[in-house]
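Only one structure is covered here, and it is reproduced in the block below.
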Amino acid sequence: RLKALKMQKHQEVIKMIDRDCIFCKIVKKELPSTLVFENERIMVFKDIHPAAPVHLLIIPKKHIPTLSHCSEDDAALLGEMMALIPKLAREEGIAVSGTETGTPQGGFRVVVNTGPDGKQDVYHMHIHLMGGPRPWKTPN
């Protein structure tokens, strides 16, 4: 019964996102963001509740509710989003360095929360890029 209620709530959230998606409003410039990168398919902006010194959100402009909703048709878009991460990490000063000398420093974490059990808060698929000196905030 609990699992059925969770699924029902999940379906209700999925139905709502088309008209009230906060990330779609950011894409349409109806809501402000601190933009870091933009092209025809992708936007990157700073998280308004950062869990780390650097916390970026990488989103497709196309509305995709969750990673579970992606298909083979989205492979190029997902690949482009992932390929952007090392460039963003270098620009933000969180890329790994020092591996050539055996003393690696820096680094980052990449997270895609998916669905209610995955603690997804905004139902527009997005990638979190987090980095910088520890300690970071502990996710819920």
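The values are calculated or read from the model by the stated rules, or taken from the named source; none is laboratory data. Model, not experiment: these values are computed from the prediction. Using ideal geometry, Cβ is built from the backbone for each residue, glycine included, and neighbour counts are taken over all protein chains shown. With ligands, DNA and RNA removed, areas are computed over all heavy atoms of the protein, side chains included. Shrake-Rupley method; radii C 1.70, N 1.55, O 1.52, S 1.80 Å.
Restricting to the range 86-100, and then to whatever is modelled with pLDDT under 95 and farther than 18 Å from residue 135 by Cα, can you tell me which residue is least open to solvent (accessible area, probe 1.4 Å)?
Selected residue: 98.
From the list 114, 103, exactly one residue is at pLDDT 95 or above, out of contact with any strand residue (DSSP E or B) (no Cβ under 7 Å at 6 or more places or on another chain) and assigned to a loop (DSSP other than H, G, I, E, B). Which is it?
Unique residue meeting the criteria: 114.
Since residue 62 meets every condition but one in (1) open to solvent by 80 Å² or more (accessible area, probe 1.4 Å); (2) in a strand (DSSP E or B), which condition does it not meet?
(2)
Do you know which residues across the range 65-85 are more than 20 Å from residue 108 (Cβ to Cβ), touching a Ser or Thr at 6+ places or on another chain (Cβ under 8 Å) and crowded, with 17+ Cβ neighbours inside 10 Å?
Result: 66, single match.
For the range 117-140, what are the residues that are under 22 Å from residue 78 (Cβ atoms) and in a loop (DSSP other than H, G, I, E, B)?
Of everything in the range 117-140, those that are under 22 Å from residue 78 (Cβ atoms) and in a loop (DSSP other than H, G, I, E, B) turn out to be 117, 118, 119, 120, 121, 122, 123, 124, 125, 126.
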